[in-house]
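Participant: One structure coming up, written as structure tokens, with questions to follow.
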Amino acid sequence: MSDRRSRPRLGINLGVEWERAEGKLSARISNLSEGGCYLDSVGDVKRGEIVGFRVLLPDDDWLYLEGEVRHYTAGEGFGVQFVDLNEEQEAKLKDLIRRTSESEAEAGISADLVEE
């Protein structure tokens, strides 16, 4: 099966908070692109569900994103494709990817481009 991603993914480690009816859950983004990301989380989601989450950026700022769940592995995490990003969200996301790609020395981030 071929990889359907149209953009390269960046291996990364960023803290995330997202909410369910049961309350807030913590997660970690383990890879990221301009089109979506993978969240390592034990929370349950359904394919097609829209999930909102806050990403803690390296400069201690927060970035709110929403994505449609594209795949889910129980107890491990899920991949989302971003939906309805505004200009500010797109700019912050592109800046994060650019800065991370340029410097593995960024605090708390591992910058490895992942191509499958």
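Participant: Could you check, for the range 54-71, whether at least one of its residues is in a loop (DSSP other than H, G, I, E, B), small (Gly, Ala, Ser), free of Cβ contacts under 8 Å to residues at least 40 places away in the same chain and in contact with a strand residue (DSSP E or B) (Cβ under 9 Å, 6 or more places away or on another chain)? Let's see the steps before the verdict.
Facilitator: Here is the first cut: in the range 54-71, the ones in a loop (DSSP other than H, G, I, E, B) are 57-61.
Retained after the next criterion (residues that are small (Gly, Ala, Ser)): none.
Within the range 54-71, not a single residue is in a loop (DSSP other than H, G, I, E, B), small (Gly, Ala, Ser), free of Cβ contacts under 8 Å to residues at least 40 places away in the same chain and in contact with a strand residue (DSSP E or B) (Cβ under 9 Å, 6 or more places away or on another chain).
Participant: What do you reckon, is Glu22 at pLDDT 90 or above and not aliphatic (A, V, I, L, M)? Please lay out each step first, then the result.
Facilitator: On the way: at pLDDT 90 or above: no; not aliphatic (A, V, I, L, M): yes.
No: the conditions fail for Glu22.
Participant: Considering the range 13-53 alone, what residues qualify as being under 9 Å from the mean Cα position of the chain (by Cα) and either among the aliphatic types (A, V, I, L, M) or part of a loop (DSSP other than H, G, I, E, B) (or both)?
Facilitator: Those that are under 9 Å from the mean Cα position of the chain (by Cα) and either among the aliphatic types (A, V, I, L, M) or part of a loop (DSSP other than H, G, I, E, B) (or both): Leu14, Val16, Ile29, Leu32, Ser33, Leu39.
Participant: Ok, one more. Counting just the residues of the range 12-53 that are without any contact (Cβ under 8 Å) to a residue 60 or more places away in the chain and polar (S, T, N, Q), which one comes out surrounded by the fewest Cβ atoms within 10 Å (Cβ to Cβ)? Walk me through how you get there before you give the answer.
Facilitator: At the first step, the residues of the range 12-53 found to be without any contact (Cβ under 8 Å) to a residue 60 or more places away in the chain are 15-30, 35-53.
Applying the additional criterion that residues be polar (S, T, N, Q) yields 26, 30, 41.
On the way: Ser26: 12, Ser30: 17, Ser41: 21.
Among those residues, the one meeting the criterion is Ser26.
Participant: Here's a check for you: in the range 72-98, which residue that is among the polar types (S, T, N, Q) and not in a strand (DSSP E or B) is surrounded by the fewest Cβ atoms within 10 Å (Cβ to Cβ)? I'd like the intermediate steps shown before the answer.
Facilitator: At the first step, the residues of the range 72-98 found to be among the polar types (S, T, N, Q) are 73, 81, 86, 89.
With not in a strand (DSSP E or B) added as a condition, the list becomes 86, 89.
Values: Asn86: 8, Gln89: 15.
Looking at residues that are among the polar types (S, T, N, Q) and not in a strand (DSSP E or B), I get Asn86.
Participant: Mind counting the residues in the range 74-96 that are free of Cβ contacts under 8 Å to residues at least 60 places away in the same chain, over 22 Å from Gly23 (Cβ atoms) and not aliphatic (A, V, I, L, M)?
Facilitator: 11
The values are calculated or read from the model by the stated rules, or taken from the named source; none is laboratory data. Here the structure is a predicted model, which means the values were calculated and not measured. Neighbour counts run over all protein chains shown; Cβ positions are idealised from the backbone, glycine included.
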